[in-house]
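This report concerns only the one structure given below.
The values are calculated or read from the model by the stated rules, or taken from the named source; none is laboratory data. Computed from a predicted model, the values in this text were never measured in an experiment. All Cβ positions, glycine included, derive from the backbone under ideal geometry; neighbour counts span all protein chains shown.
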Amino acid sequence: MLQPQQFYRNLSRTAFFLLFLIAPVTNLFRYDLTEGHFILFGQSLGLGIDQAIAGVAGTDAAFQILIRVLLPIVILVAAGIWIAAKYGRLYCGWLCPHFSVVELINGQMQKLIGRPTIWEKGSKPHSSAAWLMLIGSSTLMALVWSVGLLGYLVPPLELYQDLLHWQLGGGRALFVSVATLVFLSDFLFARHLFCKFGCALGVMQSLLWMANPKALMVSFDSKRADLCKDCNSACDAACPMRLPARGIKRRKFTCTQCSECIHACNEVQKDNPGGGLLHWTPGDQYRDPDKDRMIPAINIQSRKKEDDDERR
Ligand code: SF4
Ligand code: SF4
């Protein structure tokens, strides 16, 4: 059953994904290549500045630009820096449309081929139909992304009409084809790599988070680590970024604060009055700074092997 935090995270991710798709269509935000200016909240940004400059006849044009362009950017960047330094990659885990795709394809791979990425060991017997379904759904998502992105650059309604009538012009058809292929490769083979090292926004948030020792993080109650012996590393298995959930902060540099590891452990320990072993805390409150030891992750494969051995 979904825990409340998971429900709200699903809600925020879905809402932001829809916003990502409808923002250009509703003229909330896009760059119109044909006109050569940004459109923000239905207003032509370049034109507004031109009018402001013309209206004030050069007396305080710089002030108008400061108020209408620079100030909102500075406020947005400052708020982003503060949130990332205090709470880490909240944007990634709770809003980012790319991370939503990461989680979606992780889930599909797990269901269809028995592992969340093609790079991990362990699989379940699966047919070529499973691969076809995986590639088909990933291609569809890549197509949605490429068309969605093109809508940020050209008039989106015209684009969707052309698409519906199979009348995409040469340049647009080429963009959609190439972008779909690039996204498909990313989604199938490198989606985690992109989140970890390819996204400037993600890496910036991680760096700010690492610099603050009191930033919110998932801490592991190592005093109760013995309880992990009876568990098949549910927390590690649940992590969409494939991180060691019980590891020290440095090893979770790219943690997206999605809290899936916390929920997995709460589920495992649901009959334990002491609750789960993973908690959100300001800084690592359970860690003994004198012993910078890492609790060894219990590998799912070795755990399975132990179980098999016991059965024999
Ligand atoms: S370590 Fe936990 S909170 Fe961080 S990305 Fe993994 S599952 Fe999410
Ligand atoms: S889910 Fe909880 S009990 Fe299981 S390995 Fe992770 S921290 Fe330990």
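Structure notes:
- Number of the condition not met by Leu201 [criteria: (1) within 30 Å of Tyr160 (Cβ to Cβ); (2) in contact with a Leu (Cβ under 9 Å, 6 or more places away or on another chain)]: (2)
- The condition (being of a type in the set (A, V, I, L, M, F, W, C) and more than 21 Å from the chain's Cα centre (by Cα)) is satisfied by just one residue among Leu95, Leu140, Leu70: Leu70.
- Filtered residues of the stretch 182-226 (kept if farther than 15 Å from Ile83 by Cβ and small (Gly, Ala, Ser)): Ser185, Ala190, Gly198, Ala200, Ser219, Ser222, Ala225
- Only listed residue being outside any helix (DSSP H, G or I) and either buried (at least 19 other Cβ atoms within 10 Å of the Cβ) or modelled with pLDDT under 95 (or both), chosen from Trp145, Trp166: Trp166
- Residues that are among the aromatic types (Phe, Trp, Tyr) and without any contact (Cβ under 8 Å) to a residue 40 or more places away in the chain, drawn from the stretch 1-28: Phe7, Tyr8
- Sub-6 Å Cβ pairs linking a first residue in the stretch 221-233 that is away from ligand 1 (no atom under 16 Å from the Cβ) to a second residue that is not in a helix (DSSP H, G or I), at least 6 apart or interchain, are Arg224/Leu277; Ala225/Ile295, ordered by first then second residue.
- Filter result (within 16 Å of ligand 1 (Cβ to nearest atom) and either in contact (Cβ under 8 Å) with a residue 12 or more places away in the chain or of a type in the set (S, T, N, Q) (or both)) within the stretch 174-196: Arg191, His192, Phe194, Cys195, Lys196
- Leu278 being within 14 Å of ligand 2 (Cβ to nearest atom) and either surrounded by 15 or more Cβ atoms within 10 Å (Cβ to Cβ) or within 23 Å of Ala85 (Cβ to Cβ) (or both): yes
- Counted residues, the stretch 75-91 - those being under 11 Å from Leu207 (Cβ atoms) and either assigned to a helix (DSSP H, G or I) or charged (D, E, K, R) (or both): 4
- Candidate set from the stretch 217-248 (those that are more than 7 Å from ligand 2 (Cβ to nearest atom) and of a type in the set (Ser, Thr, Tyr)); member that is modelled with the lowest pLDDT: Ser222
- Arg251 vs. criteria surrounded by fewer than 19 Cβ atoms within 10 Å (Cβ to Cβ), in a loop (DSSP other than H, G, I, E, B) and away from ligand 2 (no atom under 13 Å from the Cβ): no
- Some residue of the stretch 201-212 being assigned to a loop (DSSP other than H, G, I, E, B) and away from ligand 2 (no atom under 12 Å from the Cβ): yes
- Verdict on Leu181 being part of a loop (DSSP other than H, G, I, E, B) and either of a type in the set (A, V, I, L, M) or within 20 Å of Arg30 (Cα to Cα) (or both): no
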